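Note sheet for the following structure.
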Amino acid sequence: MAWDEWEQLKAGAAQRMLVDHLADSGGGGSSSPHAGSSYDLKASKGPWTKASSVAKDLQTVTNAGLTELKTAHEGVKGGTDGFSSTVALSEILPTWEKRLTSVRDECDRLRGALALTGRDFGEIDPAVADKVSGVHVGANRPDWAR
């Protein structure tokens, strides 16, 4: 394969990698690949890290609510035996414990996943961008590389 042909193939592949409908001046996608769009896909770790922090806060609050629920039910049976509300409270306690435990555990899972995504955007993506910027595509650089 001739060097010129290789350069053409690389340039063609680079053109196909354009992400269409990212941003235009009106805030929506464009029907034309070049109509008012800069094709700069920008991501940062900030929103992902913040979402991870919110998930951690929700986990903490849910865990505190779960503890409070258990503590509040400890003395219920002692002085209220025979009341129908006592029976009802005893029946619903396990379902609420199960629900709150599920919410707490899901918040913990999301916290980790969101933090990892933020780390990826903050560390891995810039490293890949540095490597890609070193790829020479000849004099006819695609729009996204300008």
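The values are calculated or read from the model by the stated rules, or taken from the named source; none is laboratory data. These figures come from a predicted structure and were not determined experimentally. All Cβ positions, glycine included, derive from the backbone under ideal geometry; neighbour counts span all protein chains shown. Side chains are part of the model used for accessible areas, which takes the heavy atoms of the whole protein and leaves out ligands, DNA and RNA. Shrake-Rupley method; radii C 1.70, N 1.55, O 1.52, S 1.80 Å.
Please give the FRET efficiency for Thr71 paired with Ala113, using the beta carbon to beta carbon distance and R0 = 25 Å, rounded to the nearest 0.05.
Numbers: r = 31 Å, r/R0 = 1.24.
Rounded to the nearest 0.05, the efficiency is 0.20.
Using R₀ = 22 Å, calculate the FRET efficiency as 1/(1 + (r/R₀)^6) where r is the Cβ-Cβ separation of Val61 and Thr95; round to 0.05. According to the calculation, E is roughly 0.65.
Between Glu106 and Phe83, how high is the FRET efficiency from 1/(1 + (r/R0)^6) when r is the Cβ-Cβ distance and R₀ = 35 Å? Nearest 0.05.
With a Förster radius of 35 Å, E is 0.50.
With the whole protein complex present, His73 retains an accessible surface near 40 Å², based on a 1.4 Å probe. Solvent-accessible surface (1.4 Å probe) assigned to Leu110 amounts to roughly 70 Å².
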